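The values are calculated or read from the model by the stated rules, or taken from the named source; none is laboratory data. None of these values were measured; they are calculated from a predicted model. Here the Cβ positions follow ideal geometry from the backbone for every residue, glycine too, while neighbour counts run over all protein chains shown. Heads up: the accessible areas ignore ligands, DNA and RNA and are worked out on the full protein's heavy atoms, side chains in. Shrake-Rupley method; radii C 1.70, N 1.55, O 1.52, S 1.80 Å.
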Amino acid sequence: MASRPAPSRVLLFTSGPWEGGAGADTQLAASIADCMPDRDFLRFSRWPRHGPPGTAHGRRVPLLSRDGAPHVPERLQAALAGSVLARRTDLVHAILTIGGTYPLFSRLRRGLLGGGPVIHTVPGVMDTALLERARPLGVTVALSEATAGQLRDAGFGDVQVIPPTIPLDRWPWRPRAPGPPVVLFAGHHDPAGGAREAIAAAAQAHRSGARFRLVLAMRGRPGQDERALGSGLRALAAREGLPRPDVLGHVPDMPGLLAAADVVLFTPRALGGKADVPFIVLEALATGRPVVLSDLPQFAALGSAAPRAPVGDPVRTGELLTRLLEQPRRWEMLARRGRATVEERFGPDRFRTQYERLYQESLA
């Protein structure tokens, strides 16, 4: 009886170790490994290891890191390790945001990643001006049609679109929690990241008579003074006439926090390299929590699952928030629609099928 051929070996190339936090690149890489357990994946891992190992899929390639975040030393280690491993694998699957160092990396592609097949999944583009100096690494995948169009216009060829996925078993539907309403914003302290816009919109809703508790779950970035930034958000809320919000740092139980919320505000002026369809949005919708969004083109894939307001318009955003808090039937309708949209458009089966086909074409 003939033995089965060994599975193709694939390097999941990210800018740092997977255990570095909730970055879009590592979350996407983990989704790929989880959805295709029969593949022989190699992936970067933090050393020394801290906490649970995470996904069981994939052989770990250790990177020395004090906290797991993709600082310059981690990025350099990833590039060096990738240049060696790329020549020992059948396929390189890079999951890299197009940021400040990407143009140089793309020009060194052959020296760093060899001449074998490469798939590049682009979680987002930090600045479209970078595309003028950037080159494709191989077959390019975007998360939204909006970014795919930008990449095609920049000469990246026939860019494919594969929306992200989340593990639906980890984000089950949860009934609305009893008690006073909670409005949640989750994101970073980036200037255009949406925290200030969320406070302004919440203040507008509060002036309209809505009563709720505002929670800001803020993930810090390397080098940020999180205490000072949190104090600034509380001061802004006070100037807007809002009751003192809860400003949280890292949240170990995000499913629990989403289940305790009634509405999620996600109101960035620009995504700034975040995933085109941010995972917090999909996780909220899967949980059955309506989300109010700023009307960025990347969010078009959500259709009517989440109401959108013009970017930087706190009056309209506050109106949408007030309606959700004061109209239970509308809340229930959007909660059901959001869950159905995630299952239909962002489910793991569709994600797996699209990437399996892409792998087969690249390895042929």
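Okay, here's what the table says:
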item: Fraction of the pair-distance distribution of region 196-238 above 14 Å, Cα-Cα pairs, percent; result: 53 percent
item: Förster radius 41 Å - calculated FRET efficiency between Arg330 and Arg87 (Cβ-Cβ, nearest 0.05); result: 0.15
item: Cβ-defined net charge surrounding Pro297, 10 Å radius [Lys, Arg +1; Asp, Glu -1]; result: -3
item: Segment Glu344-Ala177, length gained on full extension (0.36 nm per residue, minus Cα span); result: 57.6 nm
item: Pairwise label distance in nanometres, Arg211 with Arg170, each label 7 Å out on the Cα-Cβ vector; result: 3.8 nm
item: Coordinate range along principal axes, alpha carbons of region 318-364, Å, largest first; result: 56, 19, 7
item: Difference of contour (0.36 nm per residue) and Cα-Cα distance, Thr353 to Glu132; result: 76.3 nm
item: Region 134-163 versus region 103-122: alpha-carbon centroid distance in Å; result: 15 Å
item: Relative counts (whole %) of C-alpha pair distances in region 189-287, using bins that are 10 Å wide; result: 14, 47, 36, 3
item: Dipole magnitude (debye, nearest 20) for the chain, charges at Cβ of Lys, Arg, Asp, Glu; result: 380 debye
item: Positive dipole terminus of region 121-214, leading residue within Leu214, Met126, Ala198 (C-beta point charges); result: Leu214
item: Theoretical FRET efficiency, 1/(1+(r/R0)^6), r = Cβ-Cβ of His250 and Arg75, R0 22 Å, to 0.05; result: 0.50
item: Alpha-carbon gyration tensor eigenvalues x 5, square-rooted, for region 71-214, Å; result: 39, 19, 16
item: Volume in Å³ per residue [convex hull over Cα atoms, computed for region 243-314]; result: 114 Å³
item: Two-decimal Rg/Rh across the chain, once Rg and the Kirkwood Rh are taken from alpha-carbon atoms; result: 0.98
item: Mean-position separation - Cα centroids, region 186-217 and region 292-343, in angstrom; result: 15 Å
item: The chain: relative contact order in percent, alpha carbon pairs under 8 Å with at least 6 residues between; result: 16 percent
item: Where the chain is the region considered: accessible area per residue in Å², 1.4 Å probe; result: 45 Å²
item: Simple spin-label estimate for Arg227 and Arg9 in nanometres, 7 Å along Cα-Cβ; result: 4.8 nm
item: In nm, spacing of pseudo-spin labels at Ala238 and Asp40 (7 Å Cα→C-beta vector); result: 6.1 nm
item: Hull-based mean projected area of region 132-244, where the convex hull spans the alpha carbons, in square nanometres; result: 11.2 nm²
item: Theoretical gain in end-to-end length, Glu361 to Gln160 [0.36 nm per residue, Cα-Cα removed]; result: 71.1 nm
item: Largest-first ordering by accessible area, 1.4 Å probe, given options His250, His188; result: His250, His188
